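Step one of this worksheet: look at the structure below.
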Amino acid sequence: MLFRLSRILFWLAAIAAVTALVGPASLATPLTALAGLALLAAYASARWALQRARHGAPAAAGVETPVLDDAALQDILARVQAALSVVGPGIEPAALAAAAVLRAELGARETSVHRVCAVAAPFADLVTLAADGRAGVAHRVRLERSPLGVALRDGCAARGEGGSWAIALPGSDGTAALIELGAPALQAPPGALEALFAAVGRLVCAATMAPESPQRDILTREDAACAMPLQAPRGSCRTQYRQSDHSPDPLPASVVSDLQSRTSAPAVLDAQALARLRELDPKGENKLVDRVLRAFETSALRLLPQLETARAGGDRAGVRHVAHTLKSSSASIGALTLSQHCAAVETLIREERPDDLEAPLTALLAELASVRQTIRSMLDA
């Protein structure tokens, strides 16, 4: 209908313009004005029609739109997990595979995947990926306005205009990707799509983890850069590895006393979050929970030196990057208190408050030590 109206207005503009050229001089001015108005109206109608076609026109009267039930949502998750099992390593192949499944299963007209290159408030630098994973157009979005920016800032799905969605996918190694999904053709109960996209994010995070490697007696050069053997005699490794000033297990006396008072994992890790992880691997065949916990421990070992360096050098942007990364990964394993500490530090820096970061960072590090101690006890059990 809108396309037809656009064509009619275009021809009206053309006829008015021709008449103004060959007709009486007294009618030239009003006919030229009419041609201009008709041309503007034709352009507006065509653009409106394209936007409606892009985001999906509303269902026709009397036609019932299919509604996704719990079984259908679980089937979509199963298809996403099957697609992720055959893709290569890395966040980008996993995001492309998940986007393809979501588009097909939800009936979205279009979808795109974006690589997150850098985040510097209030902007985020993205690169749109082609279907084969090659880098495409680079662009910048605002964290407060764009759905992609909001999703990246909050670490969850954000709804845009016309029913479209922006889905944040955190990787296990601190990287991130975004899926921009057109309006789904299928309806879903309130909150169902948000829960579906959150579960997809957990699946992608688990899929990006490196396979569990066997125990080894010799550390690699990369391991030695940030961690020393915990039980090695003093001085025994000096000839083989670089010395490091960073200790991966700084446990202050106040933290040790606090840990001694904790008797179970739910005091540090949320039981419901762990239950949701176990639902993704109900039989435990893939050891998903253990892999997620080990991935968090590895990520924490890598991020701790960065945090200490940024803290010592007064690099608030570096501190914010580590806090943002830890916020998402800690929430995924149920370390909600740690996630809240990270969010508090990130907010202080993002809003450029003059507050001292020492107290929030001390609380963050103490809670991180508690989380890591709890993870070790769960993995050793």
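The values are calculated or read from the model by the stated rules, or taken from the named source; none is laboratory data. Please read all numbers here as calculations on a predicted model, not as lab measurements. Using ideal geometry, Cβ is built from the backbone for each residue, glycine included, and neighbour counts are taken over all protein chains shown. Ligands, DNA and RNA are stripped out before the accessible areas are found, and what is left, the full protein with its side chains, is counted by its heavy atoms. Shrake-Rupley method; radii C 1.70, N 1.55, O 1.52, S 1.80 Å.
Tell me the GluC sites (Glu not before Pro) within the range 345-381 that lie in a loop according to DSSP and have at most 16 other beta-carbon atoms within 10 Å.
Here the GluC sites (Glu not before Pro) that fit, given the DSSP loop and packing criteria, are Glu351, Glu352.
Quote the FRET efficiency, to the nearest 0.05, computed for Trp48 versus Ala104 with a Förster distance R0 of 30 Å and r equal to the Cβ-Cβ distance.
0.60
What is the dipole size for the range 265-369, taken about its Cα centre, with +1 at each Lys and Arg Cβ and -1 at each Asp and Glu Cβ, in debye to the nearest 20?
360
So how long is each side of the range 112-195 along the principal axes, counting just the alpha-carbon atoms, biggest first, in Å?
The Cα atoms of the range 112-195 stretch 35, 30, 26 Å along the principal axes, largest first.
For Cys117, what accessible surface area do you get with a 1.4 Å probe? Give it in Å², rounded to 10.
Rounded to the nearest 10, that gives 80 Å².
Within the range 109-131, name every residue whose backbone N is under 12 Å away from a label modeled 7 Å from Cα of Arg140 along the Cβ vector.
Residues passing the 12 Å test: 118-126.
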